[in-house]
Amino acid sequence: MPTQIKFGTSGWRAVIADEFTYENVRRAVRGIARYVSSVKPDGAKLIVGRDPRFLGETFVQIASEVLVSYGVQPLEIAEPAPTPAIAWEVMRLKADGAINFTASHNPPEYNGIKFSTPDGAPALPEVTNKIEAAVVAADNDGGAAPAGVKKPEPRTIDVKPAYVERIREVVDLNAIKKAGLRVCFDPMWGSARGYSDVLLRESGIDAAAVHDNRDVLFGGHSPEPDDHLLEDLRTKMRETNAAIGIATDGDADRFGIVDRDGTFISPNYIIALLFDYLVESRGWKNGVAKSVATTNLINALAEHHGVRLYETPVGFKYIGELIKQDKIAIGGEESAGLSIRYHVPEKDGVIAGLLCCEMVAKRGKSLGEQLRELFVKVGSYYPVRENFRLTPEVKAKFTTKLGANPSNFAGLNVSQVVRTDGLKLVLQDGSWVCYRLSGTEPVVRVYSEARTEDGTKKLSATAKQWIFE
C-alpha cells in the first residue's frame, strides 16, 4: 500500500529514503500539479525551490519533470533559498504558488514539501485536503499525465535580489550602521547563507558569521536556532565583541536571538519586544496576532497600546491570513516564527533578526534591558514549553481527559476553558496551561505561564502530573 502523503501545519515531511523517496515525491507533486491545473487549466506557473538538504537538487528536477508533464511551468531556483524569499517571489511574480523542498528545523535525515498558494502563504487545510485527494486519485488511475497538454520549458530564477531589496525597505540598516552595532549571524548551514550577514556588511555594518558553508548534516543535529545549539554563535560574539547574535533555521523561517551577554532571548519575548517597538517606531496600531500557545505578555501589551488582539490556532497560516488582510502589525508564534505588516504572510527569520538589530541600535539598550523595561510597563510573564512522550495507554486515557472541563487546576479556579487548539485552561490569577497532542508522534506539548518564575515552575509540575495521574 502506498505511503499516505499528509500535509500538516508546515507541509509533508518524512525521512529521506524511508518514506521521502523519489516515487513518493513524484506522487506528491502529481497531486499538486493536478490541483493547480484544476484551478488554472492554462498557463499555470509554480516556483520550485529548496533548502540545502541532501538530494535537494534532484528533488527539484523531479518536481519540474512532473509539472511539465501536466502543462505547469516550473520556475526553478538554482540555489538554496529562504522560505520567506520564495514567498516574496511568489507575490512579486504573481506565480500560482510554490513547491519548496524543505524540512525546516527537522533533523538532517528528513526532507519535506511545503506548498504555498498564489498569495505566498502556506496552503490552508482546504487546499492541502484537495492536494491529498488528488494524490490518491492519481494513485488510483495509474498516475498518468493528461494527454495533449502543451509542455512548457522550465525557467531558472533568482529570488535573492528582490527579497534583499525588500529587506532594505523594511529594516533601517542606516540606523544599525550609525549606532556602530556589531552583529554575529548563524545561518546554521541553512538557506539564509549569504543573506543577513552579507546584507549587513554591504551596508557598512560590522557583521561576522559562523556555520557559513553547506553541510547536509547540519553539524550532526537539527538546524534549529535554539538556546543549546548556539554555543558557536556565542563564542564568535565574544571574539568580536558583538552586541547581538542572530540565527535562522534550515529554511530561514525561524529565528534565534542571543543578547550581548550571551543570554538566549525566548521567541515569546522577541515577539513582544518587536510588537512594542513597531508601535513605537512605525506607529502601527492596527492589531497583533499570536497563537494560543504564545505568551500573554502580548495580551498585556495589546491592552496597554489599545491594539486589537487576535489569538489563533497553532500554525502560521492562520496568522498569515491576518497579514494578508492588513489586520495586524505583527504576528508570531512561540516556536520562533513571525512576520510583519506589508510583508510576506509567512514566517521570516531573516526579518526577525534584522529588526532586532534595528531595535537594539535605535533604543541604545540591550534586549535584556528592554525586556526588563517591558516588565515594568505591563508586568512580568514567564512562559515555558515542555514535550512529554506518551505510551499508547496513557495517550488514550489522556485524549479522553482533554475533553473534560475542569473547574479547578493547581489549586486555583479555572476562569476560562479555551479550545482554539488543544485544551487551554486560564486560571483565576491569569496564569494558564495549554495541552496540544502532536499529530505525528506520541507526544503532548505542554505550555505553562505564570507571572513569576516560581509560579511557572509550580504550574509546570502540576501540568505534568495532570497528564499521568
*Do you know which residues across region 120-131 are assigned to a loop (DSSP other than H, G, I, E, B) and surrounded by fewer than 20 Cβ atoms within 10 Å (Cβ to Cβ)?*
124
*Look at residue 385 and say whether it is surrounded by 14 or more Cβ atoms within 10 Å (Cβ to Cβ), of a type in the set (D, E, K, R) and within 25 Å of residue 104 (Cα to Cα).*
yes
*Here are some residues: 34, 53, 13, 27. Which one is more than 21 Å from residue 317 (Cβ to Cβ), basic (Lys, Arg) and under 25 Å from the mean Cα position of the chain (by Cα)?*
53
*residue 261 being of a type in the set (D, E, K, R) and not in a helix (DSSP H, G or I)*: yes
*Would you mind listing the helices (runs of 4 or more DSSP H) fully within region 341-416 where at least 2 residues are in the same structural domain as residue 306 (by TED's automatic domain parsing) and polar (S, T, N, Q)?*
none
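Determine whether region 132-146 contains at least one residue that is of a type in the set (D, E, K, R), over 25 Å from residue 47 (Cβ atoms) and either surrounded by fewer than 17 Cβ atoms within 10 Å (Cβ to Cβ) or under 22 Å from the mean Cα position of the chain (by Cα) (or both).
Step one: filter region 132-146 for residues of a type in the set (D, E, K, R), giving 132, 139, 141.
Filter once more, keeping what is over 25 Å from residue 47 (Cβ atoms): 139, 141.
Then drop every residue that is not either surrounded by fewer than 17 Cβ atoms within 10 Å (Cβ to Cβ) or under 22 Å from the mean Cα position of the chain (by Cα) (or both), which leaves 139, 141.
Looking through region 132-146, at least one residue is of a type in the set (D, E, K, R), over 25 Å from residue 47 (Cβ atoms) and either surrounded by fewer than 17 Cβ atoms within 10 Å (Cβ to Cβ) or under 22 Å from the mean Cα position of the chain (by Cα) (or both).
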*Are any residues in region 416-462 surrounded by 15 or more Cβ atoms within 10 Å (Cβ to Cβ), in contact (Cβ under 8 Å) with a residue 60 or more places away in the chain and more than 29 Å from residue 6 (Cα to Cα), and if so, which ones?*
430, 432, 448, 449, 450, 451, 455, 456, 460
*Output the residues belonging to region 334-347 that are out of contact with any helix residue (DSSP H, G or I) (no Cβ under 6 Å at 6 or more places or on another chain) and within 21 Å of residue 433 (Cα to Cα).*
335
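Looking at residue 370, is it modelled with pLDDT of 95 or more and more than 21 Å from the chain's Cα centre (by Cα)?
On the way: modelled with pLDDT of 95 or more: yes; more than 21 Å from the chain's Cα centre (by Cα): yes.
Yes.
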*asked:* Can you say whether residue 74 is over 21 Å from the mean Cα position of the chain (by Cα), buried (at least 24 other Cβ atoms within 10 Å of the Cβ) and closer than 28 Å to residue 166 by Cβ, as far as the supplied structure shows?
replied: yes
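Yes or no, residue by residue, for (1) buried (at least 20 other Cβ atoms within 10 Å of the Cβ); (2) farther than 30 Å from residue 107 by Cα; (3) modelled with pLDDT under 95; (4) in contact with a helix residue (DSSP H, G or I) (Cβ under 8 Å, 6 or more places away or on another chain):
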| position | (1), (2), (3), (4) |
| --- | --- |
| 239 | no, no, no, no |
| 244 | yes, no, no, yes |
| 271 | yes, no, no, yes |
| 292 | yes, no, no, no |
*Quick one: in region 416-469, which of the residues that are under 17 Å from residue 314 (Cβ atoms) and among the acidic types (Asp, Glu) is modelled with the highest pLDDT?*
449
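Test residue 190 against the criterion of being under 19 Å from the mean Cα position of the chain (by Cα), closer than 22 Å to residue 251 by Cα, modelled with pLDDT of 95 or more and in a loop (DSSP other than H, G, I, E, B), and give yes or no.
The answer is yes for residue 190.
The values are calculated or read from the model by the stated rules, or taken from the named source; none is laboratory data. Note that the coordinates shown come from a computational prediction; the quantities given were computed from them, not determined experimentally. Heads up, the Cβs are rebuilt from the backbone with ideal geometry, glycines too, and the neighbour counts pull from every protein chain shown.
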